[in-house]
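Working notes, structure below.
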Amino acid sequence: MKIAIVASQSNKSQQSLYELKKRYADYMTNEKEADVIIALGGDGFMLHTLHYFIKEAKPVFGMRRGTVGFLMNRYSSDGLIQRLEKSQITTLHPLKMLATTTNGEHHEALAINEVSLLRQTRQSSRIGISINGQNKIEQLIGDGIILATPGGSTAYNLSAHGPVLPLGADILALTPISPFRPRRWKGAIIPSNAYVKFNVQDCDKRPVSATADNFEVRDVDCVEVFEDKSVELRLLFDPEHRLEDRIINEQFII
């Protein structure tokens, strides 16, 4: 097995990078020829790594060296190759965002965690929502809305009081952010094959930005989102540290 190691710029990550490169020099190769990518950092760095290697579809084994590490395994310099050989694969499909701005520009981006629409000014956003061509919310008034994958349901979606979704359930979470109208709408769980369209109303007066993970488009007029089944992301986890188990456990934290 050949591995390549990437690390965030934190001192802890860089120290671990030096330690692992020295200890596993016989297994090291460049990123292009590696069988597995080792990522050292937190969840933010894991997302960056997955995006960076998305075309190569290389499996990524993360080890936590940051403050948040939901997508990461525990860090240890011992028995790394044995851990990789015993690791289990979790496959994720990202969301594809097609955003059109008020001046007619078109942007595309992939989101591993979520696509979010957010108001840009002090005034609340006004967003119409349709699913598979059918109008579902005529006008959502509030700070914005999130469409989250199961893998991203424990991130921004959870902080906005959205549901935690189990992996492999083929569903997405549609979660409003501080909604004012409709008052009683708390969001929805929809099939992963749904085609979601957000139409921004009063764009000039109430500008809205759209973000796919860390890619932001400002002053959007229309945003379309769907799951891109043609793209596969492969994460490796220790058998006792499976992402599926942690997503279940997250729902019982009081």
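Every number in this text was worked out from the coordinates using simple rules, so none of it is lab data. Worth saying up front: this structure is predicted, and the values here are computed from it rather than measured. Heads up, the Cβs are rebuilt from the backbone with ideal geometry, glycines too, and the neighbour counts pull from every protein chain shown.
If the cut-off is 23 Å between C-alpha atoms, which lysines fall inside it for residue 136, apart from same-chain ones fewer than 8 positions away? Here the lysines satisfying the reach criterion relative to residue 136 are 96, 186, 197. Applying both filters, DSSP loop and at most 15 other Cβ atoms within 10 Å, to the trypsin sites (Lys or Arg not before Pro) of segment 1-89 gives 2, 32, 55, 74.
I need 110, 174 ordered by Cβ neighbour count within 10 Å, fewest first. Walk me through the intermediate numbers first.
On the way: 110 19, 174 24.
Least crowded to most crowded, the residues run 110, 174.
If a/c stays under 1.5 just call it rounded; otherwise compare a/b with b/c (prolate if a/b is bigger, oblate if not). Do that for segment 152-234, with a ≥ b ≥ c from the square roots of the Cα gyration tensor eigenvalues. It comes out oblate by the Cα gyration axes.
Taking GluC sites (Glu not before Pro) as exposed when their DSSP state is a loop state and no more than 16 other Cβ atoms lie within 10 Å, the longest site-free interval of the chain runs over 106-231. Just to confirm the number: angle between the C-alpha axis of helix 43-52 and the first principal axis of the chain, 0 to 90 degrees, nearest 10? Roughly 90 degrees between the two axes.
Rounded to the nearest 500, the helix-only mean residue ellipticity at 222 nm of the chain stands at -4500 deg cm²/dmol, with each DSSP H run of n ≥ 4 adding -39,500 (n - 2.57). Per residue, the average separation of C-alpha pairs within less than 8 Å and at least 6 apart gives the chain a relative contact order of 21 percent. Between segment 1-79 and segment 89-124, what's the alpha-carbon centroid distance in Å? Their Cα centres are 27 Å away from one another.
Just to check, using Stokes-Einstein with a Kirkwood Rh over alpha carbon pairs, what's the diffusion coefficient of the chain at 10 °C and 1.306 mPa s in µm²/s? Intermediate results must be reported in sequence, preceding the final value.
On the way: Rh = 19.2 Å.
Result for D is 83 µm²/s.
Ranking of 97, 63 by neighbouring Cβ atoms within 10 Å, starting from the fewest: 63, 97.
The residues packed around residue 2, meaning those with a beta-carbon under 14 Å from its beta-carbon, carry a net charge of -3 if Lys and Arg are +1 and Asp and Glu are -1.
Computed over neighbours whose Cβ is under 13 Å from that of residue 93, the net charge equals -1, Lys and Arg +1, Asp and Glu -1.
Taking all Cα pairs closer than 8 Å and separated by 6 or more residues, the relative contact order of segment 95-227 comes to 33 percent.
Residues 161, 107, arranged from fewest to most other Cβ atoms within 10 angstrom of their Cβ, appear as 161, 107.
In a shell of Cβ-Cβ distance under 9 Å around residue 72, excluding residue 72 itself, what net charge do Lys and Arg (+1) and Asp and Glu (-1) give?
Working: positive: 64, 65, 74; negative: 43.
Net charge around residue 72: +2.
Per residue, the convex hull spanned by the Cα atoms of segment 95-227 amounts to 91 cubic angstrom.
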